[in-house]
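As structure tokens, the structure follows; a few thoughts come after it.
The values are calculated or read from the model by the stated rules, or taken from the named source; none is laboratory data. Since we're looking at a predicted model, the values are computed, not measured. No Cβ is skipped: glycine too gets one built from the backbone with ideal geometry, and neighbour counts run over all protein chains shown.
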Amino acid sequence: MSKPIDLYELPPQPHAKRSRLLQHCVLALGIIGLWKLYSASGPVELSPHANLDAQVHADTFDWFKLLPSETLEWVRCYQEPFQCARLEVPLDYAKPHGQKAAVALIKYPSKYPVGHEKWRGPILFNPGGPGGSGVSLVRGLGANMSKIIGDEFDMVGFDPRGIGHTTPQFVVLNTQAEVVTWSLQYPPLINSTDDALAKLHGYWKIMGE
């Protein structure tokens, strides 16, 4: 009589690995969606018992002291283990020798160095929007994304052209008061009211223009 098959002795199948990776990606997208809703709800208030000095230090990084380059030159930024870079690209690819843009990128690195047998490369996040900041996304969720997707990957986010720390910047709201006022007008969740979808469509249409 043949020996019963022990499933725990079977080598992992490629389709099982792909399925697990797909599940991780779906979870990651869910977290991104929740983060976008939370971040759009208004400014974050610090607890009165928070360590303000540590908060200010962690939130401070002078992007303009980081020289743009045509290759990614990562430097330490914000708090450990984040790294930042500014990638120089043509503002208009039809005029490659014309005005340049400097794209801001941030990385929550894998625990394995580049070249290590367990390092599996970067995963690039663009939160969309329009107007979403990939730098803010990875700063806020990089550690959680690494736990969900796997710490063998680098979590990399960037600010699209005209957004956040990427230059040249496209500025519509000139003061913090205008930013807060605009944030207070954020429409309700889809299907929460009869006209929620129409309001969301109008809001993002204005943002896109």
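Here region 138-148 is the region considered, the condition is being out of contact with any helix residue (DSSP H, G or I) (no Cβ under 7 Å at 6 or more places or on another chain) and farther than 20 Å from A104 by Cα, and the residue that is surrounded by the most Cβ atoms within 10 Å (Cβ to Cβ) is S146.
Results for (1) surrounded by fewer than 19 Cβ atoms within 10 Å (Cβ to Cβ); (2) over 12 Å from the mean Cα position of the chain (by Cα); (3) of a type outside the set (V, I, T), shown as yes or no for each residue.
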site: A85; (1), (2), (3): no, yes, yes
site: H97; (1), (2), (3): yes, yes, yes
site: Y108; (1), (2), (3): no, no, yes
site: F125; (1), (2), (3): no, no, yes
site: G150; (1), (2), (3): yes, yes, yes
site: T175; (1), (2), (3): yes, yes, no
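Scanning region 152-206 for residues that are assigned to a loop (DSSP other than H, G, I, E, B), of a type in the set (A, V, I, L, M) and touching a residue at least 24 places away in the same chain (Cβ under 8 Å) yields I163, L189. Considering every residue within region 180-188, establish whether at least one is of a type in the set (V, I, T), outside the structural domain of S110 (by TED's automatic domain parsing), farther than 30 Å from P122 by Cβ and surrounded by 12 or more Cβ atoms within 10 Å (Cβ to Cβ). The answer is yes; a qualifying residue exists. When V135, V103 are checked against the criterion of being part of a strand (DSSP E or B), surrounded by 15 or more Cβ atoms within 10 Å (Cβ to Cβ) and within 20 Å of the chain's Cα centre (by Cα), a single residue qualifies: V103.
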